[in-house]
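J.: Pasting a structure below so you can have a look.
The values are calculated or read from the model by the stated rules, or taken from the named source; none is laboratory data. Keep in mind the model is a prediction, meaning the values are calculated, not measured. Methodologically, a virtual Cβ is constructed for each residue, glycine included, from the backbone with ideal geometry; neighbour enumeration extends over all protein chains shown. Ligands, DNA and RNA are excluded from the accessible area calculation, which covers all protein heavy atoms including side chains. Shrake-Rupley method; radii C 1.70, N 1.55, O 1.52, S 1.80 Å.
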Amino acid sequence: MDYLDGWKEAGEVFIPPLKKKGFGEDIIIRKRIEPAGERPVPVREEQCAYTGSEPTVFAAHVPRAYIKRLKDGRTTELAGRETVIGKERDSDCVITDNPTVSRHHARITASADGYYLEDLGSSNHTYIDGSEIKKPVRLAGGMCFQLSDEEFQFMLEAGQE
């Protein structure tokens, strides 16, 4: 089940302009996961009382992100908070036909301020613009990177940077 079912695109509804800038934090919308084996806690009415003092926070649009394997054009959507790329079957993006890619070679992590690529201690390293990365690097739309000699392109949905 898609967790965005029932939501409307921003262009389908009227959103009044902001009179002044408020909070700038983005949020990541996640699927609800039911607790395993827990009993619901009864909620008292006073816990739900709205006092009118809490500010309204506007949720920013979270763009969809993808990586494209340049060797074969295969595209993988970065659906969760973390996407692991490697040749191990439990990786989110599995590369089975390149022996220079490590089992868990690199990870792309989504955060409030963008997407970050980091090497996971791979044998043949991760590169951006021919330089080995030693710490997480923020990805920009259209940016290319290499896992060993395997090339990828990071892409954001149209209209995002």
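J.: Please enumerate the residues belonging to the stretch 112-148 that are in contact (Cβ under 8 Å) with a residue 40 or more places away in the chain and of a type in the set (S, T, N, Q).
T.: S148, the sole residue that qualifies.
J.: Right, another one. So, of the residues in the stretch 128-161 that are of a type in the set (D, E, K, R) and closer than 26 Å to E88 by Cβ, which turns out to be least open to solvent (accessible area, probe 1.4 Å)? Quick ask: steps written out before the conclusion?
T.: Going residue by residue through the stretch 128-161, those that are of a type in the set (D, E, K, R) are 129, 132, 134-135, 138, 149-151, 157, 161.
Right, trim to closer than 26 Å to E88 by Cβ and you get 132, 134-135, 138, 149-151.
On the way: E132: 72, K134: 170, K135: 149, R138: 132, D149: 103, E150: 6, E151: 93 Å².
Checked the stretch 128-161; the qualifying residue least open to solvent (accessible area, probe 1.4 Å) is E150.
J.: While we're here: Whether any residue in the stretch 122-135 is over 22 Å from K87 (Cα atoms) and either of a type in the set (D, E) or under 17 Å from the mean Cα position of the chain (by Cα) (or both) is what I want to check.
T.: For the stretch 122-135, residues over 22 Å from K87 (Cα atoms) and either of a type in the set (D, E) or under 17 Å from the mean Cα position of the chain (by Cα) (or both): present.
J.: Can you name the residue in the stretch 128-149 that is assigned to a strand (DSSP E or B) and charged (D, E, K, R) and, of all such residues, is nearest to R64 (Cα to Cα)?
T.: R138
J.: Where residues in the stretch 78-104 are closer than 18 Å to A65 by Cα and among the β-branched types (V, I, T), which of them is nearest to the chain's Cα centre (by Cα)?
T.: T83
J.: Which residues, taken from the stretch 109-127, are in a strand (DSSP E or B) and open to solvent by 20 Å² or more (accessible area, probe 1.4 Å)?
T.: T109, S111, Y115, Y116, E118, D119, Y127, listed by residue number.
J.: Next question. Please determine whether any residue of the stretch 36-43 is open to solvent by less than 80 Å² (accessible area, probe 1.4 Å) and at pLDDT below 95. I'd like the intermediate steps shown before the answer.
T.: Within the stretch 36-43, the first condition is being open to solvent by less than 80 Å² (accessible area, probe 1.4 Å), and the residues that meet it are none.
Within the stretch 36-43 (the criterion being open to solvent by less than 80 Å² (accessible area, probe 1.4 Å) and at pLDDT below 95), the answer is no, since none of the residues qualifies.
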